[in-house]
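Below is one structure, written out as structure tokens; comments come after it.
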Amino acid sequence: MEEVGTGLLDRLDAMQRVAASAPGGPLLIVAGPGTGKTRTLTHRIAYLCAEMHVFPETCLAITFTRRAAEELRHRLASLMGPVADDVTVATFHSLGLSILREQYALAGLAADFTITAEPEEAIPGRVIQLDDLITLPLEILRAHPSLVDKYRARWSWVFVDEYQDVDAGQYELLRFLAPPDGNLCAIGDPDQAIYSFRGADVAFFLSFARDFVDSRVVRLTRNYRSSAPIIAAASQAITPWSLVPGRRMDPAKVDLDAPLIGRYSASGAQDEADFVVRTVDELVGGLSHRSRADTRGVTGVTVSFSDIAVLYRTDAQAAAVVDALARVGVPVQKRSHDRLRDRAGVTALAAELRLSGGSGPLAARLRRAAAALTERPALGITFTPDELWSAAELLSPLAVRCGEDLERFITEIVSGQEVDALDPRAEAVTLLTLHAAKGLEFPVVFLIGCEDGLLPMRFPGNPPDDAAIAEERRLFFVGLTRAQKRLYVSHAARRFRYGSERECSPTPFLAAIDSGLFDRLGETEPVRPRDRQLRLL
Ligand code: ATP
Ligand code: MG
């Protein structure tokens, strides 16, 4: 446990300290990537409880994903010790669920209501769908002002991370929970708003000062994550289009030897994948000839596989890189943005499990359900037996984790459990879509496929409008700012898309970055001694 008390804020810089120790009332923390948002948020909660006589049980911290909620809980526990358990840490969906568990009758639900996957037949009063976890609490709160008072009294301190990603329903829920002059602390970065396709609207962030009276705004501008060249490039890529007037991002440390950004112009996707493999090989020191352990011994090592991430706009780009890395024996872990419930057969299996009843370890019931469905396909079902068995295989680890608890199993699926979980400790190169990379950081990042049409994404016959381009630019910004020490960007001259090989040009987003920040790799200039040095971390 870290020291609590006067030393609590010592680990923050001056502006982080201002944010963490600000008095009650609406507080907006506008903070760019790598400026220590989670650090500031957790320290604020710990400080209020330790120093300002705030009771932990009156604190409600809301995040968007389960992973972020777990991370927050973990960091609070290490700062506050056991009293951290009294802080409510929730995702918007789990918050809605806990309200419904208390107020089920007002929503016309049975006490033992369950959450369902969409093909399932709705049984009125017993089964609700995921979206209802927000819409039903809203209906109850709209109709019962006394309940609004009750929840406001229970959670008089509300904290929301990644506020730029709230959608209309979540925003309305927050307005119920926090009065206009309430102790609401919202933290986020409008320039990292990348979820409008899911209904998020950055306008809620931008209107905070109008929505909440006498609000205080604190900006964090010191970036602790990335090297100076990476920060300079990322700033140039976003500043002229920024949603934050006067946005700044200053490096916390300036290292004159920090490498420039490696830029590689590939002939095609295969060449690009080979470039990634070659560079990984250089970074970890000749992996094709030595085992990992030997590598560490030989070079005294700075880079291991777990330090490296490959980021891309669409999942389809991962295959060439996965294959190329696998060929030379590099372990990889891939995390897509896909959710379990979106995979063919998954929700039908969940429905069949529930219908078939029974008890015992879930893994075995899952196999029986798959067998039953193959023999007796449900009406209107569009998947093949193969898809069904792969769905069962995909669900098996979750079935094991949930033991016999069918409700937990189904709740995990419908509430958006992702297909591949990410293990930050795994000794493997991580492959991620840009959306899935949000909030994460890696010493070495490859941002591949920096091409017009891919990033920004352009679908045939459907040109993106200005808002879509702006969001794609923010996605590019999110990608650049995941890197701590070494960043590589690449683009291919030709790529297979929509059924044919197409000519591609580099994304216009790259043109905003000063060419002096790039180290052009793989081009014919002779290797100068400095280039070699630039490759070292
Ligand atoms: P993003 O917008 O990408 O989610 P963030 O603002 O949440 O970024 P964090 O991930 O909290 O940033 O912090 C980035 C890195 O900077 C972390 O490794 C964190 O430990 C470090 N950091 C933050 N504040 C400080 C500080 N005052 N001193 C030293 N390191 C810090
Ligand atoms: Mg963060």
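We did not get these values from a lab; they are worked out from the coordinates using the rules stated. What you see is a predicted model, and the numbers here were worked out from it, not measured in a lab. A quick note on method: Cβ atoms are made from the backbone with ideal geometry, for glycine too, and the neighbour counts reach across all protein chains shown.
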* Structure fact -> In whole angstrom, largest first, the equivalent ellipsoid semi-axes that the Cα gyration tensor gives for region 319-375 are 34, 13, 10
* **Dipole of region 60-172, positive end: most advanced residue of Q164, H144, F92 [Cβ charges, Cα centre]** => H144
* To do: Name the long-range amide H neighbours of V89: under 5 Å, sequence gap of 5 or more, or other chain; modelled H, no Pro or chain starts.
  => A61
* Under 5 Å between amide H atoms, partner at least 5 residues away or on a different chain: which partners does R497 have, H built in plane at 1.01 Å? -> R502
* Structure fact -> So for the chain, using the alpha carbon gyration tensor with a ≥ b ≥ c as root eigenvalues (a/c under 1.5 gives rounded; past that, a/b versus b/c decides prolate or oblate), I'd call it oblate
* Asked: So for region 424-494, what are the equivalent ellipsoid semi-axes in whole Å, largest first, each being the square root of 5 times an eigenvalue of the Cα gyration tensor?
  -> 25, 13, 11
* **Positive-end extreme of charge dipole, the chain - chosen from A470, V303, F275 (charges on Cβ)** => V303
* To do: Over the alpha-carbon set of region 36-156, work out the extent along each principal axis and list the three values in angstrom, largest first.
  => 49, 32, 22
* Using +1 at the Cβ of each Lys and Arg and -1 at the Cβ of each Asp and Glu in the chain, identify which of Q103, G199, T239 lies farthest towards the dipole's positive end. => T239
* To do: Please report, in Å, the Rg and the Dmax of region 153-285, where both are computed over Cα atoms only.
  => 20.2, 62
* Asked: Arranged by the count of other C-beta atoms within 10 angstrom, fewest first, what order do Y47, Y171 take?
  -> Y171, Y47
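Could you tell me the calculated FRET efficiency between T239 and V328, based on Cβ-Cβ distance and R0 = 51 angstrom, to the nearest 0.05?
0.85
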* Structure fact -> Length gained if H435 through R278 is fully extended, taking 0.36 nm per residue and subtracting the Cα-Cα distance, is 53.9 nm
* **Cα gyration tensor shape for region 456-499, rounded if a/c is under 1.5, else prolate or oblate** => oblate
* Structure fact -> Treating only Lys and Arg (+1) and Asp and Glu (-1) as charged, each at its beta carbon, one finds that the chain has a dipole about its Cα centre, in Debye to the nearest 20, of 920 debye
* Translational D (Stokes-Einstein, µm²/s) of region 87-214 at 10 °C and 1.306 mPa s when Rh comes from the Kirkwood sum over C-alpha pairs? -> 102 µm²/s
